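The values are calculated or read from the model by the stated rules, or taken from the named source; none is laboratory data. Values in this document were obtained by computation on a predicted structure and should not be read as measured data. Backbone-built Cβ (ideal geometry, glycine too); neighbour counts: all protein chains shown. When the accessible area is computed, the model is the full protein with side chains, heavy atoms only, and any ligands, DNA or RNA have been set aside. Shrake-Rupley method; radii C 1.70, N 1.55, O 1.52, S 1.80 Å.
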Amino acid sequence: QVQLVESGGGLVQPGGSLRLSCAASGSIFRINAMAWYRQAPGKERELVASITSGGSTRYADSVKGRFTISRDNAKKTAYLRMNSLKPEDTAVYYCNADIARSWNSGAADYWGQGTQVTVSS
(Lines give C-alpha, C1' and ligand atoms only; values in the text may rest on other atoms or scores of the structure.)
Protein backbone atom coordinates (compact mmCIF):
# COMPACT_ATOMS: atom_id res chain seq x y z
CA GLN A 1 0.00 0.00 0.00
CA VAL A 2 1.02 3.59 -0.63
CA GLN A 3 -0.26 6.53 1.35
CA LEU A 4 0.08 10.27 0.87
CA VAL A 5 -0.70 12.30 3.96
CA GLU A 6 -1.07 16.08 3.77
CA SER A 7 -0.74 18.45 6.70
CA GLY A 8 -0.39 22.16 7.35
CA GLY A 9 -3.71 23.54 6.19
CA GLY A 10 -5.79 25.94 8.22
CA LEU A 11 -7.30 29.39 8.48
CA VAL A 12 -5.10 32.36 7.63
CA GLN A 13 -5.71 36.05 7.03
CA PRO A 14 -5.18 37.60 3.60
CA GLY A 15 -1.50 38.30 3.09
CA GLY A 16 -0.50 35.51 5.41
CA SER A 17 1.52 32.36 4.80
CA LEU A 18 1.16 28.62 5.21
CA ARG A 19 3.34 25.64 4.47
CA LEU A 20 1.75 22.38 3.38
CA SER A 21 3.51 19.05 3.67
CA CYS A 22 2.84 15.77 1.87
CA ALA A 23 4.51 12.65 3.22
CA ALA A 24 4.54 9.44 1.19
CA SER A 25 4.77 6.08 2.93
CA GLY A 26 4.35 2.40 2.23
CA SER A 27 5.77 0.15 -0.43
CA ILE A 28 7.67 2.67 -2.57
CA PHE A 29 10.53 2.01 -4.97
CA ARG A 30 10.66 5.38 -6.71
CA ILE A 31 8.74 8.64 -6.60
CA ASN A 32 8.71 10.49 -9.88
CA ALA A 33 6.84 13.80 -10.13
CA MET A 34 4.96 15.22 -7.16
CA ALA A 35 2.34 17.91 -7.37
CA TRP A 36 -0.20 19.97 -5.52
CA TYR A 37 -3.73 20.45 -6.81
CA ARG A 38 -6.59 22.41 -5.32
CA GLN A 39 -10.34 22.39 -5.61
CA ALA A 40 -12.56 25.27 -4.55
CA PRO A 41 -16.30 24.83 -3.95
CA GLY A 42 -18.16 24.57 -7.25
CA LYS A 43 -14.96 24.50 -9.28
CA GLU A 44 -12.89 21.82 -10.96
CA ARG A 45 -9.67 20.55 -9.46
CA GLU A 46 -6.71 22.49 -10.82
CA LEU A 47 -2.96 22.02 -10.84
CA VAL A 48 -1.18 24.46 -8.54
CA ALA A 49 2.45 23.35 -8.80
CA SER A 50 4.52 20.33 -9.73
CA ILE A 51 8.10 19.18 -9.21
CA THR A 52 10.05 16.42 -10.92
CA SER A 53 12.39 14.02 -9.15
CA GLY A 54 15.24 16.19 -10.40
CA GLY A 55 13.75 19.36 -8.96
CA SER A 56 12.26 21.06 -12.03
CA THR A 57 9.16 23.01 -11.11
CA ARG A 58 6.05 24.38 -12.78
CA TYR A 59 3.39 26.71 -11.42
CA ALA A 60 -0.09 27.85 -12.29
CA ASP A 61 -0.05 31.47 -13.42
CA SER A 62 -2.29 32.41 -10.49
CA VAL A 63 0.34 31.41 -7.91
CA LYS A 64 3.62 32.29 -9.64
CA GLY A 65 5.81 34.41 -7.41
CA ARG A 66 3.76 33.58 -4.30
CA PHE A 67 3.96 29.78 -3.95
CA THR A 68 7.04 27.57 -3.89
CA ILE A 69 7.03 23.82 -4.28
CA SER A 70 9.94 21.74 -2.99
CA ARG A 71 10.70 18.18 -2.02
CA ASP A 72 12.97 16.15 0.23
CA ASN A 73 13.58 12.87 -1.58
CA ALA A 74 15.16 11.23 1.46
CA LYS A 75 12.03 11.95 3.49
CA LYS A 76 9.68 11.17 0.58
CA THR A 77 8.00 14.49 1.31
CA ALA A 78 6.84 17.41 -0.80
CA TYR A 79 6.12 20.89 0.46
CA LEU A 80 4.15 23.87 -0.74
CA ARG A 81 5.11 27.21 0.74
CA MET A 82 2.29 29.69 0.19
CA ASN A 83 2.93 33.41 0.74
CA SER A 84 0.77 36.48 0.18
CA LEU A 85 -2.34 34.36 0.39
CA LYS A 86 -5.56 35.69 -1.11
CA PRO A 87 -9.19 34.76 -0.46
CA GLU A 88 -9.29 33.16 -3.90
CA ASP A 89 -6.66 30.67 -2.75
CA THR A 90 -9.29 29.14 -0.46
CA ALA A 91 -9.69 25.48 -1.44
CA VAL A 92 -8.98 21.92 -0.48
CA TYR A 93 -5.38 21.22 -1.44
CA TYR A 94 -4.47 17.72 -2.62
CA CYS A 95 -1.09 16.09 -2.95
CA ASN A 96 -0.44 13.92 -5.99
CA ALA A 97 2.52 11.67 -6.74
CA ASP A 98 3.59 9.36 -9.53
CA ILE A 99 5.01 6.32 -7.74
CA ALA A 100 6.56 3.02 -8.78
CA ARG A 101 6.18 0.31 -6.15
CA SER A 102 8.93 -1.95 -7.46
CA TRP A 103 11.81 -1.91 -9.94
CA ASN A 104 9.84 -3.84 -12.55
CA SER A 105 6.45 -2.21 -12.21
CA GLY A 106 5.05 0.85 -13.90
CA ALA A 107 4.29 3.98 -11.98
CA ALA A 108 0.81 4.90 -10.86
CA ASP A 109 -0.94 8.02 -9.65
CA TYR A 110 -1.64 8.41 -5.94
CA TRP A 111 -3.62 11.08 -4.13
CA GLY A 112 -3.77 12.34 -0.57
CA GLN A 113 -6.99 12.96 1.31
CA GLY A 114 -6.73 16.74 1.04
CA THR A 115 -6.21 19.56 3.50
CA GLN A 116 -8.41 22.64 3.78
CA VAL A 117 -6.88 26.08 3.30
CA THR A 118 -9.13 29.03 4.12
CA VAL A 119 -8.00 32.60 3.55
CA SER A 120 -10.31 35.02 5.30
CA SER A 121 -10.27 38.00 7.61
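Keeping all protein chains in place and using 1.4 angstrom, which order do 109, 72, 89, 61 fall into by accessible surface area, from largest down? It would help to have the intermediate numbers written out before the result.
Numbers: 109 95, 72 50, 89 0, 61 125 Å².
Ranking 109, 72, 89, 61 by accessible area, largest first, yields 61, 109, 72, 89.
Could you give the length gained on full extension between residue 47 and residue 121, defined as 0.36 nm per residue of separation minus the Cα-Cα distance, in nm? Walk me through the numbers on the way to the answer.
On the way: separation 74, 0.36 × 74 = 26.64 nm, distance 2.55 nm.
That works out to 24.1 nm of additional length.
Between residue 100 and residue 39, what is the label-point separation in nm under the 7 Å Cα-to-beta-carbon projection?
If labels sit at residue 39 and residue 100, their model points lie 2.9 nm apart.
Accessible area per residue, 1.4 Å probe, Å², for the stretch 8-115: what's the number? Kindly include the intermediate steps, with their values, before the conclusion.
Numbers: 5720 Å² over 108 residues.
Per residue, the stretch 8-115 has 53 Å² of solvent-accessible surface.
Please express the Cα-Cα pair-distance distribution P(r) of the chain as a list of whole percents, one per 5 Å bin, running from 0 to the bin with the greatest distance.
It works out to 2, 12, 23, 24, 18, 10, 6, 2, 1, 0, 0, in whole percents.
Heavy atoms only, probe 1.4 Å: what % of the accessible area of the chain goes to carbon and sulfur, would you let me know?
Working: 3000 of 6490 Å².
Roughly 46 percent, rounded to a whole number.
Tally Lys and Arg at +1 and Asp and Glu at -1 over the other residues with C-beta under 12 Å from the C-beta of residue 19: what net charge comes out?
Values: positive: 81; negative: 6.
Within the 12 Å Cβ shell, the charges total 0.
What FRET efficiency do you get for residue 3 and residue 68 if R0 is 30 Å and r is their Cβ-Cβ distance, rounded to the nearest 0.05?
On the way: r = 24 Å, r/R0 = 0.81.
Efficiency for this residue pair is about 0.80.
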